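The values are calculated or read from the model by the stated rules, or taken from the named source; none is laboratory data. Computed from a predicted model, the values in this text were never measured in an experiment. Here Cβ is always computed from backbone atoms with ideal geometry, including for glycine, and neighbour counts include all displayed protein chains. Just so you know, the surface numbers come from the protein's heavy atoms only, side chains and all, with ligands and any DNA or RNA stripped out. Shrake-Rupley method; radii C 1.70, N 1.55, O 1.52, S 1.80 Å.
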Amino acid sequence: MAYPMQLGFQDATSPIMEELLHFHDHTLMIVFLISSLVLYIISLMLTTKLTHTSTMNAQEVETIWTILPAIILILIALPSLRILYMMDEINNPSLTVKTMGHQWYWSYEYTDYEDLSFDSYMIPTSELKPGELRLLEVDNRVVLPMEMTIRMLVSSEDVLHSWAVPSLGLKTDAIPGRLNQTTLMSSRPGLYYGQCSEICGSNHSFMPIVLELVPLKYFEKWSASML
């Protein structure tokens, strides 16, 4: 959960989000090094007499400033492609949940169960209980088992939506007539909040997502009580 004035990402809960945070830090260090070098060179050019102007015509300098950026791009591209393929890979999911975007709420269907489906609406501010979060709490949370691979099928029935949970590294577009899929796996239990990340209309900001990740035995009790 994000806190006020937070500058960085939310704490990672899934292995994919941990990889994304590592890649972010890796790339940010490269950007800092390049920026520092460029600022240093600019400051030298502004404060130093150019006594060696012939250096700018040297073949060695041109070779360096051609090869060095190529190496930097490779150092960024390789881990980026690795994470991209990891995010797209789905290996024998233990559970499949279909989520549909509506104007303006989400509906969920546990496809491995016969009659387990519900709508998830935001709780109005006037009905919130002490400790609940404004504009983020819902009447029906999505309860899922932790430490298990779960496949999410995402689509929409009216306009474009986007199903996003930052702490799990998830953001999948919900497109009418198209079925997108993503996977999630939580390494620890807890409540994880998200929102629709697509500008889908006047109530776009009132489509919260709440995932409740629990141990498997609690999930089995919850699913039995819902049937």
Apportionment of accessible area to carbon and sulfur, the stretch 133-222, percent (1.4 Å): 51
Helix-only CD estimate at 222 nm, as mean residue ellipticity for the chain, using -39500 (n - 2.57) per DSSP H run (n ≥ 4): -11500 deg cm²/dmol
All-pairs alpha carbon distance profile, the chain, 5 Å steps from 0, percent: 1, 6, 11, 14, 15, 13, 10, 6, 5, 5, 4, 4, 3, 2, 1, 0, 0
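Return one whole number: the accessible area per residue of the stretch 131-222 in Å², for a 1.4 Å probe.
Values: 4160 Å² over 92 residues.
So the stretch 131-222 comes to 45 Å² accessible per residue, rounded to a whole number.
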Cα pair distances in the stretch 125-183, grouped into 5 Å bins until the bin that holds the longest one, percent each: 4, 14, 18, 20, 19, 15, 8, 1, 0
The chain: most fluctuating residue of ALA164, ALA58, ALA12 per GNM, C-alpha cutoff 10 Å: ALA58
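Considering only protein heavy atoms and a 1.4 Å probe, what is the carbon-and-sulfur percentage of the accessible area of the stretch 13-86?
Numbers: 4510 of 5960 Å².
The nonpolar share, carbon plus sulfur, comes to 76 percent.
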Within straight-line cross-link reach of LYS217, lysines at Cα separation under 26 Å, skipping those fewer than 8 residues along the same chain: LYS98
Volume per residue that the Cα convex hull of the stretch 93-224 spans, once the total is divided by residue count, Å³: 107
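Give me the percent relative contact order of the stretch 93-224, please, defined on Cα pairs under 8 angstrom at least 6 residues apart.
Numbers: 329 pairs, mean separation 35.9, N = 132.
That works out to 27 percent.
Please work out whether the stretch 13-86 counts as rounded, prolate or oblate from its C-alpha gyration tensor, where a ≥ b ≥ c are the square roots of the eigenvalues and a/c under 1.5 means rounded, while otherwise a/b larger than b/c means prolate and anything else oblate?
Working: a/c = 8.26, a/b = 2.26, b/c = 3.65.
Oblate, because a/c is 1.5 or more while a/b does not exceed b/c.
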Order by protection proxy (mean Cβ within 10 Å, highest first), peptides 185-195, 24-34: 185-195, 24-34
Protection proxy ranking, peptides 79-88, 112-121, 13-22, 40-49, average beta carbon neighbours within 10 Å, highest first: 13-22, 112-121, 79-88, 40-49
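Could you work out the relative contact order of the chain, using alpha carbon pairs under 8 angstrom and six or more residues apart, expressed as a whole percent? Numbers along the way, then the final one.
Details: 388 pairs, mean separation 47.5, N = 227.
In percent, rounded to a whole number, it is 21.
If a helix is a whole DSSP H run, which ones in the chain reach 30 Å or further along their own axis (Cα) and hold a mean Kyte-Doolittle hydropathy of at least 0.0?
Working: long enough: 15-47 (48 Å, 1.39); 59-88 (44 Å, 1.33).
Taking the DSSP H segments of the chain (at least 30 Å long, mean hydropathy at least 0.0), we get 15-47, 59-88.
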